[in-house]
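The values are calculated or read from the model by the stated rules, or taken from the named source; none is laboratory data. This one's a predicted model, so the numbers in the text were calculated from it and none came from an experiment. Using ideal geometry, Cβ is built from the backbone for each residue, glycine included, and neighbour counts are taken over all protein chains shown. Areas reflect the complete protein model, heavy atoms only, side chains present, ligands, DNA and RNA absent. Shrake-Rupley method; radii C 1.70, N 1.55, O 1.52, S 1.80 Å.
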Amino acid sequence: MLQTTEQLSKKIAENATETDSKGLFPSDNIHLLGRQGFLSAILPRPVGLQVSHLLFARIVETLARACASTAWVYTVHSAASYSLFSAGNEAQRERYVRGAADGTKLFGFAATETGTGAGMTGLQTSVTPAGDAYLLNGVKSFISLTQEADIFLVLAKPFDSQQGSNNLVCVVEKGTPGFEVGESFEGMGMRGISWGELLFKDCVVPKSNIIGDAFRAISSGGHVGMLGSCAISLGLAQAGLDLALKHAKERTILGQKLASREGIQFLLSEMASDVQAMRQMLYFGAEENERSPNAYPSLLQMKIFITETAVKVLDKALRVTGATGYSRGVPLERYYRDVRAPMLHFQTLETAKRALGSML
Ligand SMILES: Cc1cc2nc3c(=O)[nH]c(=O)nc-3n(C[C@H](O)[C@H](O)[C@H](O)COP(=O)(O)OP(=O)(O)OC[C@H]3O[C@@H](n4cnc5c(N)ncnc54)[C@H](O)[C@@H]3O)c2cc1C
């Protein structure tokens, strides 16, 4: 499957610049991945291909080297559908997960609100019982795939709850009365991910569409999201290293190759070492997530180290490549903008540090 990913990535790389510059959702890439079965890769059999979490991370890493927006969409869909598979009941799986697997339905996850941000407590989005259903009200912000996903897992609180410990997740399909896509946002990077608001006004959610175990839904899918976002950081850092190396070997200044300068060699060595350390940490985190129910601290360490280090690697890549790297003629400036996003979603860097700190 990795070999196929490499082949698909060549095709995916072709429209990465346009995806970024025009802010286009990479529909063709997602259909391509869907046709090859990738959209269900992480889902357990018989619905999905049940690839290892390590293989999932390597697929995302490979995609990110070609187009980070595509890798992001793939990660969000995989995390949200995995969440539904893990925390949903048999009927919900039967009804929804097959669509995720055959690529006909794209999934998104909506937790963030302007009032709560990185925290999961104090949600304003609420559900009120109404006969056999709930009425969902609220606004979700900074959500990926708003225009393109077919089904969202929406985090909400019971209308009379202040705490957040009894949150629940509503499975809401596009087209449900009372559910609308709101404003779209422009990000500095990840410009192909269709990013914005979701509005819920007396949106009727049948009780059969409620996932009661919000903690399980968020942690199962969230961990897959952490792997995916770190794999994106790694893919971008590797792409930056490759580009900087190529540039240093080709560029001649005053008759000498740039790569022969000691200062540049130091930078390249640091970058190569960091990328290797990131890779080992990602692969360890992926294996740990599959074999241990207590993988969370390892995932937090992975998220903290990889997302922060990737930015440093790309900063050095920009230093090695000078004005060439700074220009839009090469994709380095795109990598540098895209690499900020994994520090913000599926745990921000700071909340990851705070969570890990409380466990040490
Ligand atoms: C590209 C992109 C895609 C996204 N997609 C989705 C999506 O699909 N679904 C979804 O639900 N959300 C999504 N988000 C939202 C993302 O999860 C939030 O941006 C994140 O949770 C932080 O919320 P905030 O931006 O409101 O920052 P704030 O909560 O306002 O935080 C601002 C800063 O303060 C830090 N901070 C906050 N609380 C603490 C604390 N207690 N201690 C120390 N530091 C703290 C944060 O780390 C951050 O650096 C996406 C964001 C981005 C950038």
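Here are Phe142, Phe185, Phe152: which of them is within 12 Å of the ligand (Cβ to nearest atom) and buried (at least 19 other Cβ atoms within 10 Å of the Cβ)?
One residue alone meets the criteria, Phe152.
Which residues, taken from region 198-214, are open to solvent by 40 Å² or more (accessible area, probe 1.4 Å) and either among the basic types (Lys, Arg) or closer than 22 Å to Glu180 by Cβ (or both)? Don't jump to the end; show me each part of the working.
Of all residues in region 198-214, those open to solvent by 40 Å² or more (accessible area, probe 1.4 Å) come to 199, 201-202, 204, 206-208, 212-213.
Within region 198-214, Leu199, Lys201, Asp202, Val204, Pro206, Lys207 meet the criteria.
When Ala57 is evaluated against the numbered criteria (1) farther than 30 Å from Val330 by Cβ; (2) in contact with a helix residue (DSSP H, G or I) (Cβ under 6 Å, 6 or more places away or on another chain); (3) touching a residue at least 60 places away in the same chain (Cβ under 8 Å), which criterion, by number, is the only one it fails?
(1)
What are the residues in region 331-358 that are touching a Leu at 6+ places or on another chain (Cβ under 7 Å) and hydrophobic (A, V, I, L, M, F, W, C), if any?
Those that are touching a Leu at 6+ places or on another chain (Cβ under 7 Å) and hydrophobic (A, V, I, L, M, F, W, C): Leu332, Val339, Met343, Ala352, Ala355, Leu356.
Of all the residues that make up region 294-317, how many are free of Cβ contacts under 8 Å to residues at least 24 places away in the same chain and open to solvent by 30 Å² or more (accessible area, probe 1.4 Å)?
First, the residues of region 294-317 that are free of Cβ contacts under 8 Å to residues at least 24 places away in the same chain: 294, 298, 315.
Narrowing the set further to residues that are open to solvent by 30 Å² or more (accessible area, probe 1.4 Å) leaves 294, 315.
Qualifying residue count, region 294-317: 2.
Of all strands (runs of 3 or more DSSP E) completely enclosed by region 168-249, which ones contain at least 2 residues that are in contact with a strand residue (DSSP E or B) (Cβ under 7 Å, 6 or more places away or on another chain) and acidic (Asp, Glu)? Quick ask: steps written out before the conclusion?
On the way: elements: 168-173, 179-185, 195-206.
The strands (runs of 3 or more DSSP E) meeting that bar are 179-185, 195-206.
Within region 7-65, track down each residue that is surrounded by fewer than 17 Cβ atoms within 10 Å (Cβ to Cβ), in contact with an Asp or Glu (Cβ under 7 Å, 6 or more places away or on another chain) and closer than 18 Å to Ser194 by Cα.
Across region 7-65, the qualifying residue is only Leu24.
May I ask you to list the residues in region 215-244 that are open to solvent by 10 Å² or more (accessible area, probe 1.4 Å) and either within 13 Å of the ligand (Cβ to nearest atom) or farther than 30 Å from Ala66 by Cβ (or both)?
Phe215, Arg216, Ile218, Gly222
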